[in-house]
Amino acid sequence: MLTADQTVQLRERLETELSRLVASASAALGFTMDRDRDRVGRDSMDESTEEELYSTQLRLHDREARLVGKIREALSRLKSGGIDECEECSEPIGFKRLMARPVTTLCFECKTAREQVEADEPLE
Ligand SMILES: [Zn+2]
């Protein structure tokens, strides 16, 4: 169980991360709008470079969108008081670990065990 002080620290950590991601997502959106506006009058050489840049930006955006979802989940677990409970073994997750990885749902032991299992699986 987290203390009131730890809960506040963790909420600030999550909210800082969330606003950073939202700011970065808005920047990505700006990039998309610029791209559409500048489309007229480009030659094909420019276009392929731009395509590449654009797809990189989209992947980044996708990754960020998933992280935003995870942070929102973490905030709701924080509210309900379950954020420091491991979803696998129900043991408490250490406060230090939560501050380092606030979106985690596993204690260190379970995370390590899961990573070993995942390492045996073929890559995508
Ligand atoms: Zn665990």
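Read-outs: derived from the displayed coordinates by stated rules, not from any lab. Given the structure is predicted, the values throughout are model-derived calculations rather than measurements. Please note: Cβ atoms are built from the backbone with ideal geometry, for glycine as well, and neighbour counts cover all protein chains shown.
Brief remarks follow.
- The residues packed around Ile93, meaning those with a beta-carbon under 13 Å from its beta-carbon, carry a net charge of -1 if Lys and Arg are +1 and Asp and Glu are -1.
- The length gained on full extension between Thr56 and Arg114, counted as 0.36 nm times the residue separation minus their Cα-Cα distance, comes to 18.0 nm.
- Stretch gain in nm, segment Ser48-Arg20, where the contour uses 0.36 nm per residue and the Cα spacing is subtracted: 7.1 nm
- Over the Cα atoms of region 71-117, the radius of gyration divided by the Kirkwood radius equals 0.96; this is the Rg/Rh ratio.
- Length gained when the stretch Ala65-Gln9 is fully extended (0.36 nm per residue, less Cα-Cα span): 17.8 nm
- Three-way shape label, region 42-104, alpha-carbon gyration tensor, a/c 1.5: prolate
- Candidate lysines for bridging to Lys79, where Cα separation is under 16 Å - those fewer than 8 sequence places away on the same chain excluded: Lys70
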